[in-house]
Each structure stands twice: as C-alpha cells, then as structure tokens.
Amino acid sequence: MRLFCYLINFRLIVICIIPFTFFSSIQSQNLDSLEMIIKSNQASPSEKIRICDDLSWNYLSVDFEKAKHYALIGIETAQNENDLVMTGTIYRNLGVAYYMVSKLDSANIFLDIALEFAKKANDESLEAVIHSARANLYNLNGNYKEALFYYHKALPIFEKNNNKFKVRRVLGNIGTLYSSLQNVELAEKYYLLSEKLSLEINDPDGLTQAYNGLGNLYSSKQEYKKALLFSTKAMELAHEIGDIQTEALSYQTISEVYYAYYKDYTKAEEFAKKGLKLSEELGFPANIAAMLTTLSNVYYHKGEYERSMEFAIKAINTDTTDMNAYGNMADNLVRAGIQIGDIKIALHYFDTYLHIIECRSDKEYLATLNEMEVKYETEKKELRLIAIEKEKRLLLILAILGMAILILIIILLFIKKRSESHKKKLAEQKIIQFEQEKKLIATQAVLEGENIERSRLARDLHDGLGGMLSVVKLNLVNMKGNAILSESDVPTFQNALEMLDKSISELRLVARNLMPESLMKYGLKTAFTDFCSTITTVQFHFYGSNYRYNDKYEIATYRCMQELVNNAIKHAKASQINVQLIADDNRIDLVVQDNGIGFNISEKDNSKTTGLNSIRSRVESLNGKIDFITNIDSGTEIHINFNIKPL
C-alpha cells in the first residue's frame, strides 16, 4: 500500500527547476518575439547569449527540442565570446533539459561540463546552482546519498549569498528526499521551513511545492484529511499561477486520497485522468509514467485487475527511471497477475520487484546512511534509525509478500468452493421458485375455471330456470282469471303462487351468490352495496371512485369480502361488521372488521375452518397482500390489498 504513495515524492523534485513565471528580463516580451530576434540575427552577441539563456530555460517545461536548440546556439555564442559564466549557465540549462525528459546519463554529462566552466570562472554561485540541479537528478534516481551530499554543498552558498528563493527550493527538495526515506519528522520539518520562507519572500512556486509535499507526506502517514487539504491548496494555487506540473502532481495525491481512504473510485479515476492529461501536455515521460501508475493503482483498488495491469505496463513502456514508481508498477503487476490467475506475469514481475527492493536496500538505505553519518553529524541519529527501520521493513515486506501469496491461494480456493456452493444454492432456490410459480399458475387456473363455471351456472339459473318459473307464474295468474275455482281451492292456489314467488326469489339469490349481476354490470361499489344491504349487522363504507378493473380482481375482491363476512357471522359470532372498500386509480384496499370472538392465527385448524386458506390462495394468486390483526376475545381486522390499474 505504501508503495502507491512513494512515486509522488519523486515527481515533486522537478518543481524546483521549472520556471513557471518568466524572469524579469523577459516580462515585457514573449517567447515568440525573442525567437524572432534570434532568427533576424540583429542582436549583439551578449544580447543573443542572454536571450538564448532565457529561451532554453523557459522552454524546459514546454518544448524539449526548442530548449535544446536555443541552448546549443547560446553555448556556441558564449564560447565564441569566451564568456565562461554564461557557457556554464547554459550548459546547466541543457543538462536540466535532458533531466526533464528522463535522459539522466546525458544530463550528468552536461552538468559535469557546466561545473568545469563554473570552476574556471571561479563563480561560486553558479557552482551552487549546478550542485542543486545534480542533487535533484540523484534524488529522482533514488541515489539519496549523493543527492543529500550535493544539496548540502549548494545550501551554504545560497544562504551566504542570501538567495532566499534558491534556499527555499533546496529546503523543499530535502523535504522530498526525507519523505522518500519515510523519515516523516524531518520531511515535515523541511516542508514547513520551505512554506515559511515562501510566504516570507512571496514565492507562490515555493508554496505549491510545500503544500504538495505536505499533502503527499500526510497521505503516506494515512492522515488523509490533512493530505486532501494541502493537496487541494497546492492544486488551486498551481492552477492560478499556471504551474501545470504541480497541478498534475496535486491531482495525483488527491486521487490517492479518494481511492485509499474514501473508496470513491470514480473521483479517484477522474483526478488521475486530469493529472495524466496535464502530464501528456507537458510531455515528460517520468510524469506520464507516474500518472499511468496512479491509474493502475485506482483500477487495482476497484478490482479491475486487467486494466490495472494494462496501465502498469503502459507506465513501464513510458519510463522506468523512477525506481519507486517502477517498484509500484511491478507490485501492481504481481498482485493483479495473481488475482486474474496469470502466474507467469506475476512471477516475472515478482523477480523485478525483489530486485528493486534489493537495490534500494543496498544503495538507498545502508550506503546512504553510513556515509551521511560521517559527513553530517547532526543528522546521524535520524539516519541510523531510518536504516534500522528500513532493513526491518524490507524483511517484513518480503515475509508479508510470501505470506500474502499463500493466503491469496487459500482465499482463491475458498472463493471457488464458496462460489460452487452459492451456485448450488441458487439452483435450489430456482427450483423452489419454479414449484411456487407452478402452484400459483395452478391456483389461478382453478379460480378462473371456478369463476367461469359460476358465471355459466348463474346465467343458466337466472335466464333459463328463472325465466321458466316466471312464465309458469304468469300462466297460473292468467288461469286464475279465466278458471272457476271452488271456494276451497282458492287458498291452495294462492299458496302455490306464493311458493312459486319464493322459489323465484331463492333462485335469484342463488344466482346472485354464484355471480352477482350487479358486479358484472356495475362494478365493486354497487355489488358491495347490494350484498351488505341484505345483512342488518353489516355496515358498508366506500372511498374513492367507482373504477372498473379486470374481472379477476373484481371477482377476487368480492369473494374475499363475502367469505370474510360469512366467517364473521358463522364462526366469530359478530354482532357488528364493518366493511370498508377503497378504490383508487392504481389499487384496491379491502378492510373487514368485526367485534367477534377472534381466533389464534397461528393455529392451523382455525385457519382451515374459517376458510382463510381459500382467501389467501385468491390473494396470492393475484400478487396481493393480506394482513390479519386478531386475538382471542378481541375481534378481527383483516386488510387485503391489490396494486393494479383500472380499465
């Protein structure tokens, strides 16, 4: 996890050598106009040297080829004029230009040449500037012993000359060095000194470096809220002054905070891509590789292991001069390879990762700290502690990595077994669900057949037998008017007519119970009103509008009400029954309350004798809901709900 943070430190070093604001000599002229002066060949040799110095330095962060081109012109002109100081100065520019595009060997060669001219000219200030540039190069390359050596060679000269801008830059870069060594206390100390001096001299470049360094430092300490605060400050200030590189580095730290702490991988990816875009605009391979590595980290945390490997390989193909970033890339490829089962690539980069750790152990910590003990007595204790901690940490990392691989294999086997168990459970659940769906379909078919049969019987009784009885009655009435009956036969005839009337009424009642005509013609409200009005103990309340719904919902609602009312009368011995119907545009709610003896819903025998199973079947067949509120001697309240659309 900590390797993810280290790669940012090394990019911070670049800040001190890139001029994001032009020198006073070119404040009144832009780069294009200066180039035109060189092309016109109208400038004097001294003016030409000065302009080439300005152009080669200011193009460092914009265009390497132009920086190199104008540096070579300036060097040739300065040598012709025997100007040792400017020859050394522009060679320094050329060395930094190569350093910016990660060509470190070439950078070292030109810095050596620059130092020779500085010594010939006996210019101590120029020597200090070259020492500082070389220290930056070693710092980036992970050679902390040499980096600290050259920083301490440059710092006293800058302090003696009261060059606070350069003192501030060296302090910031020493802070970055200690941050890379995980010496949190010293890193924080130097960053805070750099911040204090930047505020004193009103140096926004220094503030962005200090804020960015502190943000990265606090991120490595897992103090993520502080990290986000300082990185955001650095980003805003860098954007304001046009410091593209620091803005990109700030996005990198902010991205880490979001994926490591907040687990907000969307924002982490967003900020990392912003940093990559800015780095690609600058065109520095080391920066581009660092941003690609950050995206690899984001995708690893998201669990997108193939994308993590893709971006790590892109980073390796872009630049590997930064050993810490390279270690992060290898680490991602090892772990992502294990996750996706690509053991070949995991083993390949595991060897690379071990090699990097061994290099850092031999060169970065032990050699650096032992030699610094002799040269810098004031830092001896701190460096020795760092060496011990680093050795322990390296051994611990190797042990943990071995254990992690073993644990990962065990976890993968466990996950595989669990996955198979889960699949089996899902299959069983699907079978159960399928059986339930079959039962539901069967219930719906039975209820639908029942409704069809009831409708047919109701029509046959009402239209067939009912019609015939009505005709018989009519004929008997006509016969009464035409026939001569004895006085003793008149009561018998009259009783026959009355029995015929009762039979017709009973037949109509049976037909209505089978399938109420009012329900089929006029809907729930009318059917409920007709039924409830025939029972003196029932009160009916209706709310809503008299919507018409699909027949199966209307019939089911009516049958449930009918069954519940009959249960309340027959079994609950209720003296008062309230029926409430709410008809909305997308639902039907039925509530039946009674003041009867109640029952224990958990007792299966009760549920069978009261017909509750029949009601449940009707409701569940139409995906409705049914709730019971009841207890012994406390009455019963039953709620039934259907979510539907009216016709």
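The values are calculated or read from the model by the stated rules, or taken from the named source; none is laboratory data. Keep in mind that what you see is a predicted model, and the values were worked out from it rather than measured. Note that each Cβ is placed from the backbone with ideal geometry, even for glycine, and that neighbours are counted across all protein chains shown. Remember, those area values only see protein heavy atoms, side chains included, never the ligands or the DNA or RNA. Shrake-Rupley method; radii C 1.70, N 1.55, O 1.52, S 1.80 Å.
Inside the stretch 155-176, can you point out the residues that are surrounded by 16 or more Cβ atoms within 10 Å (Cβ to Cβ) and free of Cβ contacts under 8 Å to residues at least 60 places away in the same chain? Give the derivation first.
Keep residues of the stretch 155-176 that are surrounded by 16 or more Cβ atoms within 10 Å (Cβ to Cβ), which gives 155, 157-158, 163-164, 166-176.
Within the stretch 155-176, 155, 157, 158, 163, 164, 166, 167, 168, 171, 174, 175 qualify.
For the stretch 98-144, name all the residues that are among the aromatic types (Phe, Trp, Tyr), under 24 Å from residue 327 (Cα atoms) and open to solvent by 20 Å² or more (accessible area, probe 1.4 Å). Give the steps one after another, and end with the answer.
Filtering the stretch 98-144 for residues among the aromatic types (Phe, Trp, Tyr) gives 98-99, 110, 117, 138, 144.
Next cut, under 24 Å from residue 327 (Cα atoms) only: 98-99, 138, 144.
Once the filter is applied, which keeps residues that are among the aromatic types (Phe, Trp, Tyr), under 24 Å from residue 327 (Cα atoms) and open to solvent by 20 Å² or more (accessible area, probe 1.4 Å), the stretch 98-144 yields 98, 138.
Can you name every residue in the stretch 613-635 that is in contact with a strand residue (DSSP E or B) (Cβ under 9 Å, 6 or more places away or on another chain) and open to solvent by 60 Å² or more (accessible area, probe 1.4 Å)?
The answer is 616, 620, 623, 625, 627, 629.
Scan the stretch 175-190 and give yes if some residue there is farther than 16 Å from residue 218 by Cα and not in a loop (DSSP other than H, G, I, E, B), otherwise no. Steps first, answer last, please.
To start, the set of residues in the stretch 175-190 that are farther than 16 Å from residue 218 by Cα comprises none.
No: the stretch 175-190 contains no residue that is farther than 16 Å from residue 218 by Cα and not in a loop (DSSP other than H, G, I, E, B).
Looking at residue 272 and the list (1) farther than 22 Å from residue 225 by Cβ; (2) open to solvent by less than 10 Å² (accessible area, probe 1.4 Å), which single condition is not satisfied?
All conditions are met except number (1).
Quick one: is residue 286 modelled with pLDDT under 90, assigned to a helix (DSSP H, G or I) and over 19 Å from residue 333 (Cα atoms)?
On the way: modelled with pLDDT under 90: yes; assigned to a helix (DSSP H, G or I): yes; over 19 Å from residue 333 (Cα atoms): no.
When the stated conditions are applied, residue 286 does not pass them.
Quick one: is residue 73 open to solvent by less than 60 Å² (accessible area, probe 1.4 Å), of a type in the set (Val, Ile, Thr), more than 24 Å from residue 284 (Cα to Cα) and at pLDDT below 95? Talk me through it step by step, then tell me what you get.
Numbers: open to solvent by less than 60 Å² (accessible area, probe 1.4 Å): yes; of a type in the set (Val, Ile, Thr): yes; more than 24 Å from residue 284 (Cα to Cα): no; at pLDDT below 95: yes.
No, not satisfied.
Does any residue of the stretch 580-589 turn out to be open to solvent by less than 40 Å² (accessible area, probe 1.4 Å), closer than 21 Å to residue 539 by Cβ and either modelled with pLDDT under 85 or among the charged types (D, E, K, R) (or both)?
yes
Of the conditions (1) part of a helix (DSSP H, G or I); (2) touching a helix residue (DSSP H, G or I) at 6+ places or on another chain (Cβ under 7 Å), residue 142 satisfies every one except a single condition; which number is it?
That leaves (1) as the condition not met.
Taking the condition within 14 Å of residue 334 (Cβ to Cβ), surrounded by 15 or more Cβ atoms within 10 Å (Cβ to Cβ) and at pLDDT 55 or above, does residue 394 pass? Write out each step before concluding.
On the way: within 14 Å of residue 334 (Cβ to Cβ): no; surrounded by 15 or more Cβ atoms within 10 Å (Cβ to Cβ): yes; at pLDDT 55 or above: yes.
When the stated conditions are applied, residue 394 does not pass them.
Looking only at residues that are part of a helix (DSSP H, G or I) and surrounded by fewer than 22 Cβ atoms within 10 Å (Cβ to Cβ) in the stretch 78-97, which one is farthest from the chain's Cα centre (by Cα)?
80
Cβ-Cβ below 6 Å, separation at least six or inter-chain, first residue in the stretch 635-647 and at negative phi, second assigned to a strand (DSSP E or B) and buried (at least 21 other Cβ atoms within 10 Å of the Cβ): which pairs?
636/594; 638/592; 640/590; 642/588
Contact list please: Cβ distance under 6 Å, first residue in the stretch 579-592 and more than 18 Å from residue 551 (Cβ to Cβ), second residue surrounded by 16 or more Cβ atoms within 10 Å (Cβ to Cβ) and of a type in the set (Phe, Trp, Tyr), pairs at least six apart or on different chains.
Partner pairs satisfying both residue conditions: 579/540.
Take residue 239 and tell me if it is part of a helix (DSSP H, G or I), open to solvent by 10 Å² or more (accessible area, probe 1.4 Å), at negative phi and free of Cβ contacts under 8 Å to residues at least 12 places away in the same chain.
On the way: part of a helix (DSSP H, G or I): yes; open to solvent by 10 Å² or more (accessible area, probe 1.4 Å): yes; at negative phi: yes; free of Cβ contacts under 8 Å to residues at least 12 places away in the same chain: yes.
When the stated conditions are applied, residue 239 passes them.
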